[in-house]
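Asks: First the structure, which I've put down as structure tokens, then a few questions once you've had a look.
The values are calculated or read from the model by the stated rules, or taken from the named source; none is laboratory data. Source: prediction; values computed, not measured. Quick reminder, even Gly has a Cβ in these numbers, built from the backbone with ideal geometry, and neighbours come from all protein chains shown. What goes into the accessible areas is simple: the full protein's heavy atoms, side chains included, and nothing from ligands, DNA or RNA. Shrake-Rupley method; radii C 1.70, N 1.55, O 1.52, S 1.80 Å.
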Amino acid sequence: YKEQTSLIMIFGATGDLANRKLYPSLYRLFRKGLLSERFAVIGVARRPLTNEQFQENVKNSVLEAKETGNNIEEFASHFYYHSHDVTDSGSYTVLKRMAEDLDNQYGLGGNRIFYLAMAPEFFGTIALHLKSDGLTDVPGFKRLVIEKPFGHDLASAVELNEKIRKAFSEDEIYRIDHYLGKQMVQNIEVIRFANALFEPLWNNRYISNIQVTSSETLGVEERGRYYENSGALRDMVQNHMLQMVALLAMEPPIKLTTDEIRSEKIRVFRSLREIEGDEVAKYFVRGQYGAGEMNGLPVPAYRDEPMVDPHSNTETYVAGKLMIDNARWAGVPFYIRTGKRLGAKSTKIVVQFKDIPMNLYYQPNKPLNPNLLVIHIQPEEGITLHLNAKKAGQGMDATEVKLSFANTSVNEMNTPEAYELLLYDCMRGDATNFAHWDEVALSWSFVDKISDYWESTKEESFPNYAPGSRGPEAAEQLLEKDGFFWWRVR
Ligand code: BG6
């Protein structure tokens with residue numbers, strides 16, 4: 001690993017994401033010696049702040065992230081602030097001069113990263129100004145890092161993409177999906193492609209179904225305004241859930257290069273069976289949480305959250321069955337589910353293998369347990385393999401045993417870890433763990449058909465699940481009708 005040199009401009013520098021994720025992540029890179037002396041950050045946001053005030057904010061967010069604080073003064077001295085008006089060319093001109101000065105001062109070689117960590121309505125405007133006001137005119141590299149949401153549907157995503165493509169080429173655009181920065185999400189490929197035990201079995205001859213669950217205990221919090229127009233489908237399925245499915249389902253790439261991996265993922269999205277109109281009800285279930293209790297404390301219904309319509313039709317839960325119509329996966333359902341205000345904060349993948357052709361250990365009322373491979377993404381990180389072995393004692397009865405590997409690293413959720421990896425990838429120009437435009441476009445076109453149907457049909461059963469529960473009843477039936485159930489594994 002090499003030290004990286006660049007000027008990083010963070011738009012939205014006073015926002016939540018910057019404070020909670022980006023500054024602690026940059027600090028960790030700095031502490032590990034991955035950011036050299038030759039780096040500088042310009043925080044860009046509307047409110048007026050001095051450099052000193054901004055540096056104080058940065059130090060506070062690092063300390064709040066429970067970092068040790070070694071060399072924090074030195075770290076913070078690389079941060080500068082620009083109070084910005086996103087629509088005013090004059091403001092970009094000032095920013096440009098500031099960037100040039102820092103470039104000289106720190107010897108940054110004209111390398112620039114523009115990180116848009118702010119309200120998406122300005123993404124296009126900023127990208128266009130960066131070009132027209134000369135900020136992208138640099139001798140080094142220029143890269144755009146863009147947070148979600150990348151559009152609201154395919155049409156708005158296309159429109160946004162056209163704007164940013166006027167200033168940056170596809171390989172200069174880093175579309176963040178923070179799930180791709182999670183250790184165990186990155187591990188999916190390694191588990192699959194580095195194990196003789198799995199790769200030969202990874203297909204419809206041996207796998208019966210795959211279940212991907214990402215559940216949250218928090219409600220919509222302060223994000224009602226955004227979430228009302230998004231819902232769980234756009235917020236989680238279009239990006240994180242489909243990305244995990246793509247990694248589970250893709251063909252082995254010829255090489256581990258960005259282009260090869262992305263093109264295999266794109267082929268998965270192209271093979272997703274399209275679901276539209278009345279079919280949606282057969283494949284997808286939506287839910288919305290009602291009022292109730294969590295940990296003994298009352299919590300409001302989604303419809304009573306701030307900035308939410310009291311008659312809202314927005315889903316806070318989605319379960320779905322995806323079919324990947326290609327030779328490897330024909331007939332194997334990929335079930336996904338995600339929702340807010342559920343019983344646990346947990347993301348995991350369960351791969352259920354088919355039963356062996358003849359069960360010698362069959363006992364009435366006690367079928368053999370299928371083999372399961374569980375990939376624990378968070379809060380625990382690890383892998384568990386469920387096997388059958390002989391029960392201790394007399395006789396030859398089979399019983400389930402579990403082989404577990406637990407990653408000993410951090411077990412906090414949504415840790416800066418993911419951002420730390422992704423920021424570093426961006427600095428060294430590796431876009432593998434970012435979403436390519438084709439992935440974004442194909443996943444929107446899949447999701448749009450579902451949201452079209454949901455928006456045209458009001459869900460009379462809302463609210464249909466209680467806080468702290470496992471979600472709506474219909475999500476259980478989705479699997480039951482195929483003869484499966486959601487595995488409750490630890
Ligand atoms: C974000 C969504 O992309 O992912 C949030 O906008 C969600 O609504 C979050 O809470 C979940 O991320 P994590 O890393 O906590 O699973």
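Asks: What number of residues within region 163-208 are more than 16 Å from the ligand (Cβ to nearest atom), under 30 Å from THR384 (Cα atoms), open to solvent by 10 Å² or more (accessible area, probe 1.4 Å) and in a loop (DSSP other than H, G, I, E, B)?
Replies: Of the residues in that region, 9 qualify.
Asks: Can you pull out the residues in region 462-487 that are assigned to a loop (DSSP other than H, G, I, E, B) and under 26 Å from TYR302 (Cα atoms)?
Replies: If the condition is that a residue be assigned to a loop (DSSP other than H, G, I, E, B) and under 26 Å from TYR302 (Cα atoms), then PHE462, PRO463, ASN464, ALA466, PRO467, GLY468, ARG470, GLY471, PRO472, TRP486 are the ones that fit.
Asks: When you go through TRP437, TRP444 one by one, which is the residue that is of a type outside the set (A, V, I, L, M), modelled with pLDDT of 95 or more and in contact with a strand residue (DSSP E or B) (Cβ under 9 Å, 6 or more places away or on another chain)?
Replies: Going through TRP437, TRP444 in turn, just one is of a type outside the set (A, V, I, L, M), modelled with pLDDT of 95 or more and in contact with a strand residue (DSSP E or B) (Cβ under 9 Å, 6 or more places away or on another chain): TRP437.
Asks: Run down VAL94, VAL86 and say which single residue is out of contact with any strand residue (DSSP E or B) (no Cβ under 6 Å at 6 or more places or on another chain), open to solvent by 60 Å² or more (accessible area, probe 1.4 Å) and over 22 Å from ALA431 (Cα atoms).
Replies: Of VAL94, VAL86, the one residue that is out of contact with any strand residue (DSSP E or B) (no Cβ under 6 Å at 6 or more places or on another chain), open to solvent by 60 Å² or more (accessible area, probe 1.4 Å) and over 22 Å from ALA431 (Cα atoms) is VAL94.
One line per residue, one yes/no per condition, for (1) in contact with a Cys (Cβ under 8 Å, 6 or more places away or on another chain); (2) touching a residue at least 40 places away in the same chain (Cβ under 8 Å); (3) farther than 30 Å from LEU197 by Cβ; (4) acidic (Asp, Glu):
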| position | (1), (2), (3), (4) |
| --- | --- |
| PRO253 | no, no, no, no |
| ILE261 | no, yes, no, no |
| ARG270 | no, yes, no, no |
| ASP309 | no, yes, yes, yes |
| ARG328 | no, yes, no, no |
| PRO333 | no, yes, no, no |
| THR338 | no, yes, no, no |
| ILE349 | no, yes, no, no |
| PHE353 | no, yes, no, no |
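Asks: How many of the residues in region 326-379 are in contact with a helix residue (DSSP H, G or I) (Cβ under 9 Å, 6 or more places away or on another chain), open to solvent by less than 20 Å² (accessible area, probe 1.4 Å) and either within 16 Å of the ligand (Cβ to nearest atom) or of a type in the set (Lys, Arg) (or both)?
Replies: 10
Asks: Next question. Within region 216-227, which residues are near the ligand (Cβ under 9 Å from one of its atoms) and either of a type in the set (Phe, Trp, Tyr) or open to solvent by less than 20 Å² (accessible area, probe 1.4 Å) (or both)?
Replies: Selection gives VAL220, TYR226, TYR227.
Asks: Continuing with the same structure: Restricting attention to region 258-300, which residues are open to solvent by 20 Å² or more (accessible area, probe 1.4 Å), assigned to a loop (DSSP other than H, G, I, E, B) and either touching a helix residue (DSSP H, G or I) at 6+ places or on another chain (Cβ under 6 Å) or modelled with pLDDT of 95 or more (or both)?
Replies: ARG273, GLU274, GLU276, ALA291, PRO300
Asks: Now for a separate question. Mind listing just one residue for me: the one in region 228-239 that is more than 12 Å from the chain's Cα centre (by Cα) and surrounded by fewer than 24 Cβ atoms within 10 Å (Cβ to Cβ) and, of those, nearest to the ligand (Cβ to nearest atom)?
Replies: Filtering first and then ranking leaves SER230.
Asks: Which of the residues belonging to region 23-54 are of a type in the set (S, T, N, Q) and in a loop (DSSP other than H, G, I, E, B)?
Replies: Selection gives THR50 alone.
Asks: Would you mention how many residues in region 411-430 are modelled with pLDDT under 90 and open to solvent by less than 50 Å² (accessible area, probe 1.4 Å)?
Replies: Residues meeting the conditions: 3.
Asks: Tell me which of these VAL190 doesn't satisfy, since it passes every other one: (1) closer than 28 Å to LYS345 by Cα; (2) in contact (Cβ under 8 Å) with a residue 40 or more places away in the chain.
Replies: Failed condition: (2).
Asks: Anything in region 105-148 that is in contact with a strand residue (DSSP E or B) (Cβ under 7 Å, 6 or more places away or on another chain) and part of a helix (DSSP H, G or I)? List them, or say none.
Replies: If the condition is that a residue be in contact with a strand residue (DSSP E or B) (Cβ under 7 Å, 6 or more places away or on another chain) and part of a helix (DSSP H, G or I), then TYR106, PHE123, ILE126, ALA127, LEU130 are the ones that fit.
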